[in-house]
Amino acid sequence: QRGRQCATRQPRTKREERTEARTAAPGRLPHYLPVPVVVSMCAVKIPADADKHLNAYFEYLNLVGDTDGGALLSEEEYGKLQAKAAKAKENELHVYWRNTSTGMDCKIIGPSSKCFCGHRYRDHAWFETETKKVSCRMQGCRCLMFSYIPIHGSQDLKCRCKHSYEVHDARTKKCTQPSCSCSGFISRFTCGCGSSYEKHET
C-alpha cells in the first residue's frame, strides 16, 4: 500500500534460533527477536495555541491539585484561588526537607512533592505564606502540616514495625494496624546526605 513500508522475515527454525542466541555478539539481540517496525508515517498537526491550553492545565493542576474531587471549580472559585496565588507570590513560602544536624537542604519541595499523609504539596494550603500553617486541604485528611516523605512514584517507605507509612496516622504518626505496638513512624531510610530519615524535618 502506498505510503507504507513493511518489514517481513522468513520464519526461523528452533535450531536456528538457538544457534543465533549462542553466537550473537555481546550486547546485541539475536535477529529472530521481535523489534519494533515503523509501518507508516503521518504528519501530526498541533494547534498554534496549544501551549496556552497546556499552561492553563498545569496552572490549574498546581493550584487546585486533587482538592476539587474530580469536578472542575467554578470560574468564581478558581478566580479566588488565583488571587491567593498572586498574593502568595508577594511573600513566597520556600519549603525544604532539611538535615537538622548539618543544616543542609536535601530536598526542595515542589507542587508534586508527597506528604506523610499521602497527598501532594499542591493539595495543601500552600497559600498560607504568613501563618505557614500548610495543612492538607483534602476532605477528611487529619494532616495539620505538610511533612515530606522521600518516595517517588509507586515507591513505599516502611516503618521499623514493617508496616507502610500509609497505615500510620497522619497526625500522630502511630501505626493504625491492629495489635501493632508501634508508637511512631521510624524508618531505616538513609538520605543521600548519609543521615537517617529521623534526622530530617520539613
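A compact table of results
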| quantity | calculated |
| --- | --- |
| Low-density loop cleavage sites - GluC sites (Glu not before Pro) in region 76-139, where at most 10 other Cβ are within 10 Å (DSSP) | Glu92, Glu130 |
| Residue-level accessible surface for Met145, protein heavy atoms, 1.4 Å, Å² | 90 Å² |
| Residue-level accessible surface for Asp66, protein heavy atoms, 1.4 Å, Å² | 90 Å² |
| Cα-based reach from Lys132 at 16 Å (exclusive), listing lysines while leaving out same-chain residues under 8 positions away | Lys84, Lys87, Lys89 |
| Straight-distance crosslink candidates among aspartates and glutamates, where the alpha carbon sits under 19 Å from Lys107 and sequence neighbours closer than 8 are dropped | Glu92, Asp123, Asp156, Glu198, Glu201 |
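The values are calculated or read from the model by the stated rules, or taken from the named source; none is laboratory data. The shown structure was predicted, so the numbers you read here are calculated from the model rather than taken from an experiment. When we count neighbours, we look across all protein chains shown, and the Cβ atoms used for this are built from the backbone with ideal geometry, even at glycine. For accessibility, only protein heavy atoms count, side chains too; no ligands or nucleic acids. Shrake-Rupley method; radii C 1.70, N 1.55, O 1.52, S 1.80 Å.
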